[in-house]
Every structure is written in C-alpha cells, then in structure tokens.
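First the structure, in the form of structure tokens, and then the observations on it.
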Amino acid sequence: MPLKDRYDYIVTGGGCAGLSFILHLLQAPSLAGKTILLIEKEQNRTNDRTWCYWEKNAGFFDEIVFRKWHKAWFHGLGYDALKNLGPYAYKMIRGIDFYNHCYDIMARSGRVDMVHAAVNGIENVNGGVEVSAGNEIFRGNFAFNSILFEQPVLADKTYYLLQHFKGWIIETKEAVFDPAQPTLMDFRVAQDHGTTFVYVMPFSANKALVEFTLFSPSLLEQEAYDEGLRDYVKDYLNITDYTLLEEEFGVIPMTDHVFSPSNGNIVHLGTAGGQTKPSTGYTFRFIQKHVAALVEQLAVSGNPFLKKSVLHKRFMWYDRVLLHMLFHKKMPGSKIFTLLFSRNPIQRIFRFLDNETKLPEELILMNTLPQWPFMKAGWKELIN
C-alpha cells in the first residue's frame, strides 16, 4: 500500500502506549475517516514482557487477559493475609498476546499504514509535524510519541529511583501452586539493596511467573537477580526441582520529574508523557486512561490537548512524599507497605494507587501510617 503525503495522526513507537492509542482510535466512530501512520523500529511479536494490573468489571483488553485472580496474598513484616480483591480482579496480559491482538486488529481495519524504521526526531512544522525516520520524512497533523529520545534532565530536588525486576517462568513436576491464589507482594526477602519484594503469578498447579522486584537508585548485576529468585523459589516456595522456561527483565523510572504532556502538535504517550506513577512505577492502567481521554478529546474537539486537574497536583504531592521517604531512607519501604496493607482494605489501596480516592478517604489512609515522619516529609515537599 503506497504511503500518503500527509497523515492526520502519526504514532511513533509501537509499545504498549502507541498500540493502545491506535486501538482506541480505531474504536471511535467519529474518527473513522482519519489517516494513521505507525512508525516503529521493528514489529514486536515476542513474549518480552508481562503486564499485571487490577481492574473492576470488564476492560478494554479483556479478550486477551491470560489469567485473572479474585484473591491474592500479601506477605509483609510479621503480617500475612489472603486478600479478597472484589470488586476488582487482578489481571495478567502476556506481551505476545498484546502485540498479536493489536497488529491483527490494525491489519483487519485497513486504516493503519506502517513503516519499520528508527525514529530520528520529530519537529513542529507549519502547523503540523515532520517525523524523520530512517532516511525519510513523514508529515502529519499530530504526532503521538512514546519514545524517550534521551534521559530527562532532572531539576534540583527531583527524585529518581528505578523499579527494576527480573522474572522467571518456572515449571515443576509436582503440583505446588494454587492457581487461584497469586502473591501480590512478598516483603519477607532481604532488603539489602532497597525496597525489595517478590510476586508470584500461578498459571496452573505446576507453572508460575516468579518476579524479583526492587526500588533503588541503581541496577544490580544480573547474577544478583538470579540469586534472589533462586533463594526465593527454594526458601519460600519450597521448590528444588523445576525447569526455567522463560525470563523477562525490565526497568521503570520512578521520578517526580515533570514530563511534558505535549510540545506543539507533538503529544507524548506512556512514560514519555508522564503516565508512569512516580511512587510505584505502575504504568499500564494510567496509559489506558490517558489514551482513552486523548481519543475522546480528539472526537469532541479535533485536538488532543488535555487540561491537568487539581487532582493531578494532589496525587503528585503524595507521590513525592513517598519518594522522599524511600530516597532518603526515612522508613523502609517494606514497613510502609506492610502498614498500608495491614491497616486498610485492599480496595482503598487500589483506589489510592489509581489516583481515584477522594480527600476524606485519603486522610483515613494517611492516618494508618506513622504521623511524624510523613508529616515532616510532606511539609518539606510542600515548600520545595
């Protein structure tokens, strides 16, 4: 199919954010006549990652949910509980299912042109955009970009931690897992390198994803992740005989750096657009809410520019306070999360981490944490 001289929407980056945005576009009847170009370095058809998230009711990607659970274990410092998640379900999507689903829908629509090339840069030109990719220039009215072309330049007093994780999918000969009971967080592991926990997502009685996760300023050597996983499988799952089927590794920034939502007619998506929650690294659900809002705005007004709400500022302050506590080591993350999960219904925690609570509920939640250290951190972040 020949490429067009100009597109309504050019999407740069074919990861979770870019592909989710295109699928939402294709679902909007009033935007059916819009032309779309996706530029990505290569088409991903591998199982390179897993997305897990909680959600009420049916969701946009429910048909490709690989597993979902209605209960989950939390293991903290002297506290262990099997939590009933209702009305939420904890859902898992495999990377390969996500990519195949998105590409198949795009192909069936016949509305998305694709170019496989590295994106060199994007510029605002004459009321539109020009995208340099490979050796060519592509023109459009708007660009929706999820590529971080360079590390952000951090202002003074900006926090920057990493959520880094390595996961193993293991298979055992014996039935050792309860497929209905995942482990959302297990803080019983050593905390030598920062806030460290493991989660376990069982696929069946003898197969599960075990993921070793840390919040810290820097990465570990790969062997350290492997050692953490080996020790956890042996010491906490009591498994010695297993086969390692697959591995995954990832790094997510945890920062209160303000990512620009747009620059002229260039709209930023995903982490590049500030859709990673600073204090937890959670991204998938925030991406989905963001791209849905962008498409709704396009359908209503013809432009994709969203206004930030007062809520955004309030939750950003909460994020900065938690980052302050973790970065300055005012209190171990394992203790903070243990207090939260032992003193609050998990539904309240989910709403809070989704930025969906109201102030009275937030005050109740804050009252379950030690007042003085959090008040000091909160005041410092308020006056900074």
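Summarising the label geometry, the points placed 7 Å from Cα in the beta-carbon direction at Ala293 and Leu306 lie 0.4 nm from one another. With contributions of -39500 (n - 2.57) from each DSSP H run of at least four residues, the per-residue ellipticity at 222 nm computed over the chain stands at -9500 deg cm²/dmol.
Maximal additional length on extending the Ser218-Gln27 stretch stands at 64.7 nm, based on 0.36 nm per residue less the C-alpha distance.
Site pair Ala118 and Glu42 shows an inter-label distance of 1.3 nm when each label is modelled 7 Å from Cα along Cα→Cβ.
Taking 0.36 nm per residue of separation and subtracting the current Cα-Cα distance, fully stretching the chain between Ser204 and Glu174 would add 9.7 nm. Computed from backbone phi with θ = phi - 60° and the Karplus coefficients 6.51, -1.76 and 1.60, the 3J(HN,Hα) list for segment 26-34 is 5, 8, 8, x, 6, 10, 4, x, 7 Hz; x is used for glycine and proline. For Phe66, the residues whose amide H sits under 5 Å from its own are Met92, Ile93, Arg94, ignoring neighbours fewer than 5 places away on the same chain, with H placed 1.01 Å from N.
Only one residue of His24, Ile36, Gly167 has its Cα farthest out toward the positive end of the dipole of the chain, where Lys and Arg carry +1 and Asp and Glu -1 on Cβ, and that residue is His24.
As a footprinting exposure proxy, order Thr368, Thr172 by other Cβ within 10 Å, with the fewest listed first.
On the way: Thr368 14, Thr172 19.
Listed from fewest to most nearby Cβ atoms, that is Thr368, Thr172.
Charge tally for Gly250 (other residues, Cβ to Cβ under 10 Å; Lys, Arg +1; Asp, Glu -1): -1.
With a ≥ b ≥ c taken as the square roots of the eigenvalues of the C-alpha gyration tensor of segment 160-254, please select rounded if a/c is under 1.5 and otherwise prolate if a/b is larger than b/c or oblate if it is not? Don't skip to the answer; put the middle values down first.
Details: a/c = 1.95, a/b = 1.88, b/c = 1.04.
Verdict is prolate for segment 160-254.
Among the GluC sites (Glu not before Pro) within segment 286-374, those in coil by DSSP and having at most 13 neighbouring Cβ atoms inside 10 Å are Glu356. Put in line by how crowded their Cβ is, counting other Cβ atoms within 10 Å and starting with the fewest, Lys376, Lys358, Lys335 read Lys358, Lys376, Lys335.
Connecting C-alpha atoms closer than 10 Å in a GNM of the chain, tell me which of Gln151, Gln43, Gln222 has the biggest fluctuation. Between Gln151, Gln43, Gln222, it is Gln151 that shows the largest mean-square fluctuation. The GluC sites (Glu not before Pro) of segment 173-250 that meet both conditions, a loop assignment by DSSP and at most 12 other Cβ atoms within 10 Å of the site Cβ, are Glu174, Glu221. Over all other residues within a Cβ to Cβ distance under 14 Å of Tyr160, the charged ones net out to -1, with Lys and Arg as +1 and Asp and Glu as -1.
Placing +1 at every Lys and Arg Cβ and -1 at every Asp and Glu Cβ, with all other atoms neutral, what dipole size does the chain have around its Cα centre, in debye to the nearest 20? Let's see the in-between values first.
Values: 40 positive and 41 negative charges, 298 e Å.
Taking the Cα centre of the chain as origin, the dipole is about 1420 debye.
Once you reduce segment 97-120 and segment 68-87 to the center of their Cα atoms, the two points are 37 Å from each other.
Please give the net charge around Leu26, taking every other residue with its beta carbon less than 12 angstrom from that of Leu26, where Lys and Arg add +1 and Asp and Glu add -1. Mind dumping the intermediate values first?
Values: positive: Lys34, Arg108, Arg111; negative: Asp104.
Taking every other residue near Leu26 into account, the sum is +2.
Here the chain carries DSSP beta bridges of which approximately 75% are antiparallel, counting only pairs with both residues inside.
Determine, for Val11, Val189, Val310, the number of other Cβ atoms within 10 Å of each Cβ, and report the residues in order from fewest to most. List each step's numbers first, then the result.
Details: Val11 28, Val189 19, Val310 7.
Arranged by neighbour count, lowest to highest, Val11, Val189, Val310 become Val310, Val189, Val11.
Using θ = phi - 60° in the Karplus curve 6.51 cos²θ - 1.76 cosθ + 1.60, the 3J(HN,Hα) couplings for segment 110-122 round to x, 10, 10, 7, 10, 10, 9, 6, 6, 7, 8, x, 9 Hz; x is entered for Gly and Pro. Which distance in Å, rounded to a whole number, links the C-alpha centroids of segment 254-294 and segment 356-384? Comparing the Cα centres of segment 254-294 and segment 356-384, I get a distance of 24 Å. Sparse packing (at most 13 other Cβ atoms within 10 Å of the Cβ) combined with a DSSP loop state is found for the following chymotrypsin sites (Phe, Trp or Tyr not before Pro) in segment 115-180: Phe149. In whole angstrom, note down how far apart the Cα centers of segment 141-172 and segment 335-350 are. Segment 141-172 and segment 335-350 have Cα centres separated by 26 Å.
Values in this text are rule-based calculations from the coordinates and carry no lab data. Computed from a predicted model, the values in this text were never measured in an experiment. Using ideal geometry, Cβ is built from the backbone for each residue, glycine included, and neighbour counts are taken over all protein chains shown.
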